[in-house]
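Q: Let me begin by handing over the structure; questions about it come next.
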Amino acid sequence: MQYFGSVATAMVTVAALCMSTAALRAFDDAIYPDLNGQWTRAIVPGAVGLPPFDPGKPTGRGQQAPLTPEYQAKFEATLAERAAKGLGDVEAVSCLAPGMPMMMQAYEPMQITVLPETTYILIDHIHESHRRIFTDGRAWPKTVAPTFTGYSIGRWIDEDGDGRYDVLESETRHLKGPRVFDSSGIPLHEDDQTVVKERIYLDKADRNLLHDEITVTDHALTRPWTVMKNYRRTLDPLADWPEYICNERIPFLRIGTEIYRVGEDGHLMPTRQNQPPPDLRYFTQPKK
Amino acid sequence: MHYRTTIGAVVLAASLCGTFAGALAFDESKYPNWKGAWRRVAVPGIVGQPSYDPTKLPGAAQQAPLTPEYQAIYEANVKDQALGGQGTDPTYTCLSPGMPRVMTTFVPFEIVVTPQMTNFLIQHIHDSRRIFTDGRDWPKNIVPTFVGYSIGHWIDTDGDGRYDVLEVETRGFKGPRSYDPAGIPLAFDNQSIFKERIYSDKADPNILYDEITTIDNALTRPWSVTKTYTRVPVKQPEWIEEVCAEGNSDVEIDHQGYFLSGDGSLMPTKKDQAPPDLRYFKQPQR
């Protein structure tokens, strides 16, 4: 009895210690795909200009976005206005966050960090976007403050039953606007009821190729719009992480309803022929 | 005999325990638990905009050890701010505050620790940091940034097998940067070096310290301050998305700050400020 008791006590003690350590070591990263590191959007042969929402199709009308007639008209108006102002596709006319789903174009390198509770997607473009995909089993909160990035809940899937996760399924809601799909200005609905569903997974043959299958459901669309984004892992572990300071890069300034350009000499410039200058009614000093 | 058997059981159990642990490439137990949201600790009696040294009032009370040249720059900044200008505080047009000001942490922030890197996710203007802990050396060429290039080392100071201090050195800056909204300037040569020791309070794991020492050519000696943060006691913190450009009414034209009024017109920020030069416009002023 004494023998059994001492062995049992020892086993229980070590097991307890082991459990305690295991609790601290809760993250078995062997069961998650290795998404960590720096990723850049995969170059599409023949593609020119700023990256469109569907990387497999030309920008602008070439995207064949399934817009409702109302939002197709808004898009056409944007194209016409930009043509009149000589803007064309623009990275941004303000430094508002691109938000979802545009941010997943990964205009600048993207950091992914996988932890059990959260997968982080960090992209420093226009806005320093911190995308958190919560994988801790939480339910949708009753109230969420809308954001450009939205609120994302994900779950890991072991599709082939090998004991390791291979797909991160994510759903994103609670967005704010204005947002567009890409730099050509394809609009999302002003009601911001967008739902973005994603399947993020490594290529089976090439573990340095990442896929993000994105399906957008939005009231500006006649049907859900699905595209596939592809990203390449940066193999240099010392790769640079550029710092994107929007107002250093975007030379536009919105004053009232007008968009002006700030020239290299710092002076205000028109963005279209015969554009009126800004109203200076509040200045008592004479114009320089 | 019983004694030996007991030892055998312990060894067996321990080895099984080790086997399970061996499968774990990222042993979180070696690192301090800094999960959750952190916010800066307000010091009683310290009012106004958060200052660089959180234990002292903003402005002259900071007693920044500035060289005479930079003290004069600072004082000119104080006068300009008193007139409604921004002085040497460059962040009004959404420029990144950079180091060391980002560590003021205007909003709750998150620390993401992995073996290769520790991320400080601070959603303010453009405040987040990467601290590389993968053993890398300083690159030959660093592209200057506002937050700089940070290399860290984890230290097990008490020899208990767990890291308890993250030592960080940060170099490779661009500017302009100021320590705080009062406009205490860093040297315009951007040769700043920051050394930090980041660690949890030994008695309270929900308190975090960042001892920051700044070496900068605007200073007569290294300047050390300690920032203190407390963990927000909620299981699912709400992460605020702050987009600086959203609702920011400050604009800069030809190195002059102006204000956008509610009716969309430009306004001066200082009495008798001249309007911007409109030489490129052919249309008459509205």
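Laboratory data are not the source of any read-out in this text; all were calculated from the coordinates shown. Everything numeric in this text was worked out from a predicted model, so none of it was measured. For neighbour counting, all protein chains shown are included, and Cβ atoms are generated from backbone atoms with ideal geometry for every residue, glycine included.
Q: Given that compact globular proteins tend to follow 2.2 N^0.38 Å, what is the ratio of the alpha-carbon Rg of the protein assembly as shown to that value?
A: 1.10
Q: Could you tell me which trypsin sites (Lys or Arg not before Pro) in the range B:117-206 are loop residues by DSSP with no more than 10 other beta carbons within 10 angstrom of their beta carbon?
A: Of the trypsin sites (Lys or Arg not before Pro), the ones in loops of the range B:117-206 whose Cβ has at most 10 other Cβ atoms within 10 Å are B:Lys140, B:Lys202.
Q: How far is helix B:2-22 tilted, in degrees, relative to the longest principal axis of the Cα atoms in chain B, given as a value from 0 to 90 rounded to the nearest 10?
A: So the helix axis and the longest Cα principal axis differ by about 30 degrees.
Q: In addition: Using only the alpha-carbon atoms, how far is helix A:69-85 inclined from the longest principal axis of chain A? Give it as 0 to 90 degrees, nearest 10.
A: The two axes meet at around 60 degrees.
Q: Return the lysines within reach of B:Lys30: Cα separation strictly under 21 angstrom, same-chain partners fewer than 8 residues apart disregarded; answer none if there are no such residues.
A: B:Lys202
Q: In percent, what relative contact order does chain B have, based on Cα pairs under 8 Å that are 6 or more apart in sequence? Write out the running numbers ahead of the final one.
A: Numbers: 516 pairs, mean separation 52.8, N = 286.
Relative contact order for chain B comes out at 18 percent.
Q: Which of the lysines could a cross-linker bridge to B:Lys282, judged by Cα under 23 Å and excluding same-chain residues fewer than eight apart?
A: A:Lys85, A:Lys287, A:Lys288
Q: Once the range A:147-288 is represented by equal point scatterers at the alpha-carbon sites, with solvent omitted, what log10 I(q)/I(0) does the Debye formula produce at q = 0.16, 0.17 Å⁻¹?
A: -1.07, -1.13
Q: Now for a separate question. Over all distinct alpha-carbon pairs, what is the Kirkwood Rh of the range B:231-286 in angstrom?
A: About 14.8 Å for the range B:231-286.
Q: How far is helix A:2-24 tilted off the main Cα axis of chain A, in degrees rounded to 10, range 0 to 90?
A: 10
Q: I would also like to ask the following. Given an 8 Å cut-off on Cα distances and at least 6 residues of separation, report the relative contact order of the range A:37-233 as a percent.
A: With pairs under 8 Å counted, the relative contact order is 23 percent.
Q: Related question: Along Cα→Cβ, 7 Å out, is where each label goes; now give me the distance between the ones at B:Lys35 and B:Lys79 in nm to one decimal.
A: Placing both labels 7 Å beyond Cα along the Cβ direction yields 5.5 nm.
Q: I need B:Ile125, A:Ile31 ordered by Cβ neighbour count within 10 Å, fewest first.
A: A:Ile31, B:Ile125
Q: A further question follows. Per the Kirkwood definition applied to all pairs of different Cα atoms, how many angstroms is the hydrodynamic radius of chain B?
A: Working: mean 1/r = 0.0458 Å⁻¹.
By the Kirkwood definition, the hydrodynamic radius is 21.8 Å.
Q: Let me check I've understood the local charge: for B:Arg136, count other residues with C-beta under 15 angstrom from its C-beta, Lys and Arg +1, Asp and Glu -1. What total comes out?
A: Net charge around B:Arg136: -3.
Q: First measure r as the distance between the Cβ atoms of B:Ile193 and A:Thr222, then evaluate 1/(1 + (r/R0)^6) with R0 = 41 Å and state the FRET efficiency to the nearest 0.05.
A: Efficiency, from the Cβ-Cβ distance: 0.10.
Q: Then there is this: At a 10 Å Cβ-Cβ cut-off, how would you order B:Thr220, A:Thr113, fewest neighbours first?
A: Ranking B:Thr220, A:Thr113 by Cβ neighbours within 10 Å, fewest first, gives B:Thr220, A:Thr113.
Q: Report for the range B:37-231 the percent antiparallel among DSSP-assigned beta bridges with both residues inside it, nearest 5. Each step should come with its number before you reach the end.
A: Details: 45 of 48 bridges.
In the range B:37-231, approximately 95 percent of DSSP beta bridges are antiparallel ones.
Q: Cross-link candidates for A:Lys142: which aspartates and glutamates have Cα within less than 15 Å, leaving aside residues fewer than 8 places away along the same chain?
A: Those aspartates and glutamates meeting the cut-off are B:Glu238.
Q: Based on the alpha carbon coordinates of chain A, what radius of gyration and maximum Cα-Cα distance (Dmax) apply, in Å?
A: 24.5, 102
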